[in-house]
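Below is one structure; the comments refer to it alone.
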Amino acid sequence: MWASTQADSDSEASEPGSASVQTKALTNRHILVVGAVLVAALVLTMWWLLSGKPERIEAAPKPALIASASTAAPKTPAIVVVDVVGKVKTPGIVELAPGSRVIDALKAAGGIKGKPDTTALNMARVLSDGEQILVGIKPVQGTVGSTTPGKPAPGGNGAKVNLNAATIEQLDALPGVGPVTANAIISWRDEHGRFSRIEELMEVKGIGPATMADLKPFVMI
């Protein structure tokens, strides 16, 4: 009986140790499960943060500004020079901006003087460089004279040719003047600005006393 009692005592003594081992194993298992859950949660959180972040788009570099002749500031346009004569307060040469009209030339010449007939003038006409505007007067009629054979009468309709506004074609139509001399007259005019006297034609290469005598009836300043 003592032996039985001893065995029961041994059995009772061993039970607390067994329970402690079981509790320790259970605790380790819980730690592993909780750790796995935390790792999974961390992975999901990182994935969500990375997938939800907008993609960064690099802006395209701006092209460098390259100066060129096409983008350079335009040059200042040339002025329009017009000779206004007749019934104006200050007749003579006026300088106007390109695109100006006849009315602008008359204003630049001080305006119309008196009450001349201006029905022949188109006030809205755009001006050309080098032209002459006659206000209230008729074109000067040229004296009848001989012209170079094969050439039309200079000036057209008997009008004299203005040396300061004539084109190469008009000068070429003058008696004793050919294309070479016409170009020489234009070059002299460009160099000196304008003719102030008809006699200055003698300074043009190719024009001598005889040619000058033929030209005088057909030219004016």
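The values are calculated or read from the model by the stated rules, or taken from the named source; none is laboratory data. Everything numeric in this text was worked out from a predicted model, so none of it was measured. Glycine also receives a Cβ, built like all others from the backbone with ideal geometry; neighbour counts cover every protein chain displayed. Note: areas computed on protein heavy atoms with side chains; ligands, DNA, RNA excluded. Shrake-Rupley method; radii C 1.70, N 1.55, O 1.52, S 1.80 Å.
Given a Förster distance of 30 Å, report the FRET efficiency between K107 and D190 from their Cβ-Cβ distance, rounded to the nearest 0.05.
Values: r = 27 Å, r/R0 = 0.91.
For K107 and D190, the calculated efficiency is 0.65.
Fully extending the segment from A36 to I168, taken as 0.36 nm per residue of separation minus the present Cα-Cα distance, adds 37.2 nm. Ranking M123, M46 by solvent-accessible area of protein heavy atoms (1.4 Å probe, all protein chains present), from largest to smallest, gives M46, M123.
Figure the gain on full extension for A120 and K216 (residue separation times 0.36 nm, minus the Cα-Cα span) and round it to one decimal in nm.
31.8 nm
Here the label points at I93 and V43, each 7 Å from Cα along the C-beta direction, are separated by 9.6 nm in the simple model. Between T27 and E199, the modelled label-to-label distance comes to 13.6 nm, taking each label 7 Å out from Cα in the direction of the beta carbon.
Just reorder K160, K107, K205 by solvent-accessible area, largest first, 1.4 Å probe, all chains present.
Working: K160 60, K107 140, K205 175 Å².
Result, largest first: K205, K107, K160.
For the listed peptides 35-41, 81-87, a ranking on the average number of other beta carbons within 10 Å per residue, highest first, reads 81-87, 35-41. Under a 5 Å amide H cut-off, with hydrogens placed 1.01 Å from N, V219 pairs with V161 among residues at least 5 apart or on other chains.
Around the amide H of R101, modelled in the peptide plane, lie the amide H atoms of L127, all under 5 Å away and 5 or more residues distant in sequence or on another chain.
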